[in-house]
1. Among all residue pairs at least 6 apart or on different chains, which show Cβ distances below 7 Å where the first residue, located in the stretch 65-76, is surrounded by 10 or more Cβ atoms within 10 Å (Cβ to Cβ) and the second is modelled with pLDDT of 85 or more and hydrophobic (A, V, I, L, M, F, W, C)?
2. Scanning for something without any contact (Cβ under 8 Å) to a residue 12 or more places away in the chain, touching a strand residue (DSSP E or B) at 6+ places or on another chain (Cβ under 9 Å) and in a strand (DSSP E or B), does the stretch 17-38 turn up at least one residue?
3. Restricting to the stretch 1-16, give me the number of residues that are touching an Asp or Glu at 6+ places or on another chain (Cβ under 9 Å), part of a loop (DSSP other than H, G, I, E, B) and more than 20 Å from residue 49 (Cβ to Cβ).
4. Restricting to the stretch 39-51, and then to whatever is open to solvent by 70 Å² or more (accessible area, probe 1.4 Å) and touching a residue at least 12 places away in the same chain (Cβ under 8 Å), can you tell me which residue is farthest from residue 8 (Cα to Cα)?
5. Out of the residues in the stretch 18-33 that are of a type in the set (Val, Ile, Thr) and touching a helix residue (DSSP H, G or I) at 6+ places or on another chain (Cβ under 8 Å), state the one that is farthest from residue 8 (Cα to Cα).
6. Picking from 36, 13, which residue would you name as being in contact with a helix residue (DSSP H, G or I) (Cβ under 8 Å, 6 or more places away or on another chain) and of a type in the set (D, E, K, R)?
7. Listed residues 12, 4, 86; which is open to solvent by 70 Å² or more (accessible area, probe 1.4 Å) and touching a strand residue (DSSP E or B) at 6+ places or on another chain (Cβ under 8 Å)?
8. When you scan the stretch 57-79, how many residues do you find that are farther than 30 Å from residue 16 by Cβ and at pLDDT below 90?
Amino acid sequence: EAQVRFYAGEPVRAPDGERVGSLCIVDTRPRQLRSREQEILHELAGWVERELALQRELDRAAQIQQMLMPRSVPDLPGYELAGRCVPTQDIGG
């Protein structure tokens, strides 16, 4: 069984600054990251953090939209009412 001989990690934080994990490179042979490779690892971790922030915003927007939806159909004599909300991915409708 091959053993880990190399590990490089970059912390990943949630939008509130909480550390939620690491973006890691693992190899079975010893190596060193060059300066540019370290920059790329850092950039990739930043991309993950931005995606986490975007997902949090989308989740919050979807939650707000759900709160805006009526809980029941209004009673209007002489009318039959219906409604529909169709999200276009995570939010909208």
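1. The qualifying pairs are 73/81.
2. Scanning the stretch 17-38, I find at least one residue that is without any contact (Cβ under 8 Å) to a residue 12 or more places away in the chain, touching a strand residue (DSSP E or B) at 6+ places or on another chain (Cβ under 9 Å) and in a strand (DSSP E or B), so the answer is yes.
3. 2
4. 44
5. Going through the stretch 18-33, the residues of a type in the set (Val, Ile, Thr) turn out to be 20, 25-26, 28.
After this cut, where a residue has to be touching a helix residue (DSSP H, G or I) at 6+ places or on another chain (Cβ under 8 Å) as well, the list is 20, 25.
Values: 20: 16, 25: 5 Å.
Step by step, filter the stretch 18-33, then rank; the result is 20.
6. Values: 36 fails: in contact with a helix residue (DSSP H, G or I) (Cβ under 8 Å, 6 or more places away or on another chain).
Step by step, each of 36, 13 is checked, and only 13 is in contact with a helix residue (DSSP H, G or I) (Cβ under 8 Å, 6 or more places away or on another chain) and of a type in the set (D, E, K, R).
7. Numbers: 12 fails: open to solvent by 70 Å² or more (accessible area, probe 1.4 Å); 86 fails: touching a strand residue (DSSP E or B) at 6+ places or on another chain (Cβ under 8 Å).
The unique qualifying residue is 4.
8. If we filter the stretch 57-79 for residues that are farther than 30 Å from residue 16 by Cβ, which is where we start, we get 70-79.
Restricting the remaining residues to those that are at pLDDT below 90 gives 70-75.
Going through the stretch 57-79 one residue at a time, the tally reaches 6.
The values are calculated or read from the model by the stated rules, or taken from the named source; none is laboratory data. Computed from a predicted model, the values in this text were never measured in an experiment. Note: ideal-geometry Cβ built from the backbone for every residue, glycine included; neighbour counts use all protein chains shown. For accessibility, only protein heavy atoms count, side chains too; no ligands or nucleic acids. Shrake-Rupley method; radii C 1.70, N 1.55, O 1.52, S 1.80 Å.
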